[in-house]
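Colleague: Could you have a look at this structure, given as structure tokens, before my questions?
The values are calculated or read from the model by the stated rules, or taken from the named source; none is laboratory data. Here the structure is a predicted model, which means the values were calculated and not measured. Reconstructed Cβ throughout: ideal geometry from the backbone, glycine too, with neighbour counts over all protein chains shown. Calculation scope for accessible area: heavy atoms of the full protein, side chains included, ligands and nucleic acids excluded. Shrake-Rupley method; radii C 1.70, N 1.55, O 1.52, S 1.80 Å.
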Amino acid sequence: MTDVLGLAAIVPASAGACCTVGAWRPGRAVDVLAAVAMVAAMLDGTFGPRVLPGVVWFVVLALLAVAVAAVHRFQSGGAGRRGSTPADRRASVHGRFGRLHAALGLLAMGALGMGGMGDTAGHGAGTVGTHQHLGAVAATWHLVLVALAVGHLVLTARMLRDGVRHRAPALGLVETLAMGVAVAVMAVAML
């Protein structure tokens, strides 16, 4: 069942990546690279044998999340400051939260792609204390996965609501929805 849900998550993630590529404009190269890397990580995790371990994909996606956030910080300049007109704020609803949504999605997908750390961590544990410690690590990891997935889904809902209210371009709304659905399906598959 997990494999079927993993495959099902690839479809909306690929659609979101296509929207990212379709919305190409100067300064969005890191977004396109991140979207393509995320789909590649999902494909690698779903179709075996893995090319790269899940931990390596997580590190790659986490670094891309930092790059997406950094590029947004440097490119935003004065956007969103006090004194900007309501029309500017309406036009940039996706832009204000889009990069945060992308970065959080990369972290969530990277973490979910690693799977449940506790599934195999306890095998071969020599002592009861070690086994209990690994159980605590697995429980903590699952809490992190849930927090990332729920945070991403809440942000997705907010962006969709704001986008519909302010008549944002359809491509941005589809991209946001597709990424939210991909994270939700992947979370169900992994948790």
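Colleague: Find all pairs meeting these conditions: Cβ atoms under 9 angstrom apart; at least six residues apart or on different chains; first residue within region 157-185 and assigned to a helix (DSSP H, G or I); second residue β-branched (Val, Ile, Thr) and open to solvent by 70 Å² or more (accessible area, probe 1.4 Å).
Modeller: Pairs that qualify, where the first residue is assigned to a helix (DSSP H, G or I) and the partner is β-branched (Val, Ile, Thr) and open to solvent by 70 Å² or more (accessible area, probe 1.4 Å), are Leu173/Val164; Ala178/Val11; Val181/Val11; Ala182/Val11; Val185/Val11.
Colleague: A follow-up question, please. Can you run down the residue pairs with Cβ atoms below 9 Å, 6 or more apart or on separate chains, where the first is in region 90-102 and at pLDDT 60 or above and open to solvent by 90 Å² or more (accessible area, probe 1.4 Å) and the partner is hydroxyl-bearing (Ser, Thr, Tyr) and in a helix (DSSP H, G or I)?
Modeller: As it stands, the answer is Arg96/Ser76, since those pairs meet every condition given.
Colleague: Based on this model, can you work out whether Thr120 counts as open to solvent by 20 Å² or more (accessible area, probe 1.4 Å), modelled with pLDDT under 85, over 28 Å from Ala8 (Cβ atoms) and among the β-branched types (Val, Ile, Thr)?
Modeller: Taking the combined requirement at face value, the residue does not satisfy it.
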